[in-house]
């Protein structure tokens, strides 16, 4: 099966003198090159069933430190989001490829049945980086369409595929203002290679991340969210 491209808006960044970074959210965070950035996961959602489930209700990789609730503000709690930590981690401004995340246990009969059910019900995985939800981009009939999240998997000719490899691309924009340099980063493409899932076989999860310059400026960082239709967007408060 060929590559499937998923476009994801992952984060917004300001880069100030001294290689410090600021990620906007409920309160400011500052980073230097090489500092860790952690991706969070929200509930699995579907426009077909409208019934959310925990990300870890499926046999995905879990953080080594254990699964923890990671809601950072009252808005997330009041909206009923189930935001948790994840094993996906970046280093600020450091490109990395073919990062091994984990190998699951052999897929049990119950897990195989559940994975197929969630794929048939069109469930989406929802990722968050510094309070910004990931956005998927795709082109259809000349139009650019945007959604939050990406599919758990797809079914092709009665074979079920799981998206087990994510390729994050974070775009950054530089410009000079007196002695201060600022960088605004929006995530861009995530190229995904799905693998067929089979009962009794393990699933290997991998990912990669790249940082690239972009001409998107800081005042335009919310444009992709404003242009979305029919998606549930969670704004930082």
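What to note about this one:
- Shape of segment 97-172, Cα gyration tensor, a/c cut at 1.5: oblate
- The mean of 1/r over all distinct Cα pairs in segment 78-131, once inverted, gives the Kirkwood hydrodynamic radius of 14.8 Å.
- Spacing of the two label points (7 Å from each Cα toward its C-beta) at residue 89 and residue 33, in nm: 2.1
- Highest-first arrangement of 60-67, 157-164, where packing means the average Cβ count within 10 Å: 157-164, 60-67
Every read-out reported here was derived from the displayed coordinates using simple, explicitly stated rules and does not represent laboratory data. Computed from a prediction, not measured in an experiment: that's the story for all the values here. Every residue, glycine among them, receives a Cβ derived from its backbone with ideal geometry; neighbour counts consider all protein chains shown.
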